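Notes follow the structure.
The values are calculated or read from the model by the stated rules, or taken from the named source; none is laboratory data. Note that the coordinates shown come from a computational prediction; the quantities given were computed from them, not determined experimentally. Here Cβ is always computed from backbone atoms with ideal geometry, including for glycine, and neighbour counts include all displayed protein chains.
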Protein chains: 2
Amino acid sequence: MHKEHNLTKNQKIIFDLIDKSPQPLKAYSILYNVQKKGIKAPLQVYRALDKLVEIGKIHKIESRNAFIACHNSSCQVAKATAFSICEICEKVTEISSTGLSKYLANFKDKDGMKYSKYNLEFFGLCKKCTLK
Amino acid sequence: MHKEHNLTKNQKIIFDLIDKSPQPLKAYSILYNVQKKGIKAPLQVYRALDKLVEIGKIHKIESRNAFIACHNSSCQVAKATAFSICEICEKVTEISSTGLSKYLANFKDKDGMKYSKYNLEFFGLCKKCTLK
DNA sequence: TACATAGTGTTATATTATAACAATTAAAAA
DNA sequence: TTTTTAATTGTTATAATATAACACTATGTA
Ligand SMILES: [Zn+2]
Ligand SMILES: [Zn+2]
Ligand SMILES: [Zn+2]
Ligand SMILES: [Zn+2]
């Protein structure tokens, strides 16, 4: 569950847009979409994005430079994220698998080192694209 | 094991540089370092990088926009990669764990979908930085 | 109130990456 | 070997992504 954060004006505008979007949004596409709401400069977007990522309301899809709202109650504030990405239609889905997150949270490398955070991106074809 | 690829002149210059580097290199840092060898434009660098990634000689660290040589004989040509990243010194190490790669290669999401490719990035502190 | 902290607005600039086109080289097919 | 096809190169220009710096404003808290 997400802790309630009181989003500021810009944060709320940008979160709402991302939250409503069925696919991840890129920063400059966000910018174009919120200009009518008074957000005029890239920095205003990036600052809101940074904060939203930090508090776990959205995640960055690193391989796509795009942002998606978190819909996974088990992902601990941006510390443990996993996504599936369709290489044809670019549909991105957050994976919420207890098995996977337990496995990765407990993973130790050969030096016995544990990690505080991870990001995993799976690539393949989504159902719809598999059938074509 | 890597299939032997006959690298072209530019590919070789750029691979050699990355391969010798203890840490991942960024595209423009590569560019500055190979200008004395006649590679003058970003595109020449990016083209070589694209090819080297494609054939699995190097990997891109997505969260850092940087490139590292593959030192993991079990990673199947860029289809299955895992890294640990130190959040202080930015040291990056390719993880080669049979357990991990088997687990991820066989991972199915709740729709039963399997993936053809993945990239995993772990974050934490390396040994050296933990002791500080 | 006074102070600290976080957020905003703005301009400029840095960093990362690709488009388009002509020329060259290497590979493979005839 | 010649032909022809694909891959690579060189080059200029430009697109896309992201941050620096600074002045100002709102918010919380002592
Ligand atoms: Zn999430
Ligand atoms: Zn798809
Ligand atoms: Zn590798
Ligand atoms: Zn370190």
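Of note:
- Residue among A:LYS127, A:LYS108, A:LYS132 that is of a type in the set (Lys, Arg) and under 14 Å from B:GLU121 (Cα atoms): A:LYS108
- Scanning region A:27-44 for residues that are within 16 Å of ligand 1 (Cβ to nearest atom), within 20 Å of A:CYS70 (Cα to Cα), touching a residue at least 40 places away in the same chain (Cβ under 8 Å) and surrounded by 13 or more Cβ atoms within 10 Å (Cβ to Cβ) turns up nothing.
- Failed condition for A:LYS26, given (1) in contact with a strand residue (DSSP E or B) (Cβ under 6 Å, 6 or more places away or on another chain); (2) within 16 Å of DNA strand C (Cβ to nearest atom); (3) charged (D, E, K, R); (4) within 9 Å of chain B (Cβ to nearest Cβ): (4)
- Residue in region A:94-109 that is within 16 Å of DNA strand D (Cβ to nearest atom) and modelled with pLDDT of 95 or more present: no
- Only residues that are surrounded by fewer than 16 Cβ atoms within 10 Å (Cβ to Cβ), part of a loop (DSSP other than H, G, I, E, B) and either within 16 Å of ligand 4 (Cβ to nearest atom) or not acidic (Asp, Glu) (or both) were counted in region B:97-132, giving 5.
- Residue count for region B:105-124, restricted to those that are more than 8 Å from every other protein chain (Cβ to nearest Cβ) and in contact (Cβ under 8 Å) with a residue 24 or more places away in the chain: 1
- Within region A:49-69, residues that are within 12 Å of another protein chain (Cβ to nearest Cβ) sit with their Cβ atoms under 6 Å from residues that are within 16 Å of ligand 4 (Cβ to nearest atom), at 6+ positions apart or across chains, in these pairs: A:GLU62/B:SER63.
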